[in-house]
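What follows is one structure encoded as structure tokens, with my remarks underneath.
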Amino acid sequence: MNHQIPGNYWEAVDYIEELPKFTEKHPLVHTRKYIERLQDPAKSCKVIHVAGTNGKGSVCAYMQAVLQAEGKKTGFFTSPHLVKINERIQIDRKEISDDDFYEVFSEAYAVAKEMEREGEGHPSYFEFLFGMGMKAFERAGVEYIILETGLGGRLDATNAFLHPVLTIITSISLDHTEILGDTIAKIAGEKAGIIKSDVPVIFDANKEEASEVIVRQAEKMNAPYRAVAQNSFEIREVTKNYIAFSRRNAYDKDVIWQVPICGCYQVMNAQIALEALECLLGNCEGEPDRRTKWVEAIASIHWEGRMEEVQKHLLVDGAHNPGAIEAFVESIRLLYPDPCELPVILFSAVAYKDYEWMIEYLCKNLPAKLYVVTEIPDRRRVEASVLKEVFMRYTDREVLAVSDVGDALKEAYERRGDSEIYCLGSLYLVGAIKEQIAGGRSHAEF
């Protein structure tokens, strides 16, 4: 790699994007040393560590909103980004500026190069960005940091932080099985690796197999735990723009909450976030004004790529594994109980995902007016012709293969009739569609 320090933001981004070609993942002891050399930037912050297969980002978004409503300055480290790498480092729900990104890059670069010269190895892509995030949060003077794991938990770079105030484990399903294990129990074991001694853990208890593993690890670590299940809330109304729900507890049972995202799984994510916030800040019993602030904060959420209407009649969802696809189907069925209201599905996938399972489930459980398959702009893409062959094994509906994302959107719009278009299968597809729209293409041009 070029040993001259990148001179501006765009050169810094290019340098980071090249890292996967020249580095490898390191053990946590290496990441801890890297963070220590950055002068342990998060040591005075209250860190909330979040793992899980699905729902991590949404839970973090709800928590950010309420913490901000409570006047708490909050940093958020997340992945992946959809369009711009700055999205991974957010302060008070806004990505950091290019100037701030470059400044913390320069500090992380100096430490990484020093470690490389000493033969300890350059931090990997994710590890490098994690260090940048910690420096950005220190510079901004945040009180709370929400850390979202990248992959798994036990060996994830974010697990180098040893003293969180709270850990959260969201819904678990089969994903990255070649790395995390081929059963729910094995994957839960990796996620439960973030549980720390005497630190409370809040977790999604809807899968018994996962819950048993999490409880066992919590008890081993003497960590107080709170299980959150479907019976802790009641869905009151489902619309295209929001879902209303109430919580089943003594002090909150008459309050109606709204999540402004039509995915039914978002209610579970909001409930986990609220349970976590109550663990941190106490509940709002006897404080109606404070409860109102929380209700308004939850209703204010805009979470990109989750049942998000990006243009008229065009919605994108980041569902890219079995659990997320099941949740997507459940949401569409609630939204459109009339079986005659069939959506248009635009689908793409990366090669290492179980895309055949996702396609089979979609075809068997959510008949579509039309399936359009396309290719994400990434070397790991599955060719549209391959996806079409898989779809045709499981459906007698029309399937169009269109390699270019923009052309695929145009076909979907031209053929949709009165149907809504839902795009899913890969977060890369969400990013590609957003780039098309950011480039100025409107629904009238598709």
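Checking Tyr242, Tyr251 one by one, the residue that is within 17 Å of Thr292 (Cα to Cα), surrounded by 13 or more Cβ atoms within 10 Å (Cβ to Cβ) and of a type in the set (Phe, Trp, Tyr) is Tyr251 and no other. Are any of the residues in region 202-211 over 18 Å from Met268 (Cβ atoms) and modelled with pLDDT of 90 or more? Looking through region 202-211, none of the residues is over 18 Å from Met268 (Cβ atoms) and modelled with pLDDT of 90 or more.
Right, Gly121: assigned to a loop (DSSP other than H, G, I, E, B) and open to solvent by less than 10 Å² (accessible area, probe 1.4 Å) or not? Against the criterion (assigned to a loop (DSSP other than H, G, I, E, B) and open to solvent by less than 10 Å² (accessible area, probe 1.4 Å)), Gly121 does not qualify.
Quick grid of which residues meet (1) open to solvent by 10 Å² or more (accessible area, probe 1.4 Å); (2) of a type in the set (A, V, I, L, M); (3) farther than 30 Å from Ser97 by Cα:
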{"position": "Ile168", "(1), (2), (3)": "no, yes, no"}
{"position": "Gly181", "(1), (2), (3)": "yes, no, yes"}
{"position": "Ala205", "(1), (2), (3)": "yes, yes, yes"}
{"position": "Glu208", "(1), (2), (3)": "yes, no, yes"}
{"position": "Glu212", "(1), (2), (3)": "yes, no, yes"}
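Applying the condition of being open to solvent by 30 Å² or more (accessible area, probe 1.4 Å) and touching a Ser or Thr at 6+ places or on another chain (Cβ under 9 Å) to region 256-271 and asking which residue is modelled with the lowest pLDDT yields Tyr265. For region 47-55, the count of residues that are at pLDDT 90 or above and open to solvent by 10 Å² or more (accessible area, probe 1.4 Å) is zero. Looking across Arg306, Arg380, one residue alone is at pLDDT below 85, open to solvent by 10 Å² or more (accessible area, probe 1.4 Å), charged (D, E, K, R) and touching a strand residue (DSSP E or B) at 6+ places or on another chain (Cβ under 6 Å). It is Arg380. I'd like to check something: does region 142-150 contain any residue that is within 20 Å of Ile214 (Cβ to Cβ) and assigned to a loop (DSSP other than H, G, I, E, B)? Scanning region 142-150, I find at least one residue that is within 20 Å of Ile214 (Cβ to Cβ) and assigned to a loop (DSSP other than H, G, I, E, B), so the answer is yes. Exactly one residue among Ala368, Ala319 is touching a Pro at 6+ places or on another chain (Cβ under 6 Å), outside any helix (DSSP H, G or I) and open to solvent by less than 40 Å² (accessible area, probe 1.4 Å), and that residue is Ala368.
Filtering region 284-303 to residues that are open to solvent by 10 Å² or more (accessible area, probe 1.4 Å), more than 28 Å from His81 (Cβ to Cβ) and in contact with a Phe, Trp or Tyr (Cβ under 7 Å, 6 or more places away or on another chain) leaves Glu285, Val295. The set of residues in region 131-159 that are among the hydrophobic types (A, V, I, L, M, F, W, C), over 18 Å from Lys73 (Cβ atoms) and either open to solvent by 10 Å² or more (accessible area, probe 1.4 Å) or touching a His at 6+ places or on another chain (Cβ under 6 Å) (or both) comprises Leu151, Leu155.
The values are calculated or read from the model by the stated rules, or taken from the named source; none is laboratory data. Since the structure is predicted, the reported quantities are computational estimates derived from the model, not experimental observations. Ideal geometry is used to build each Cβ from the backbone, glycine not excepted, and the neighbour counts take in all protein chains shown. Heavy atoms of the whole protein, side chains included, go into the accessibility calculation; ligands, DNA and RNA do not. Shrake-Rupley method; radii C 1.70, N 1.55, O 1.52, S 1.80 Å.
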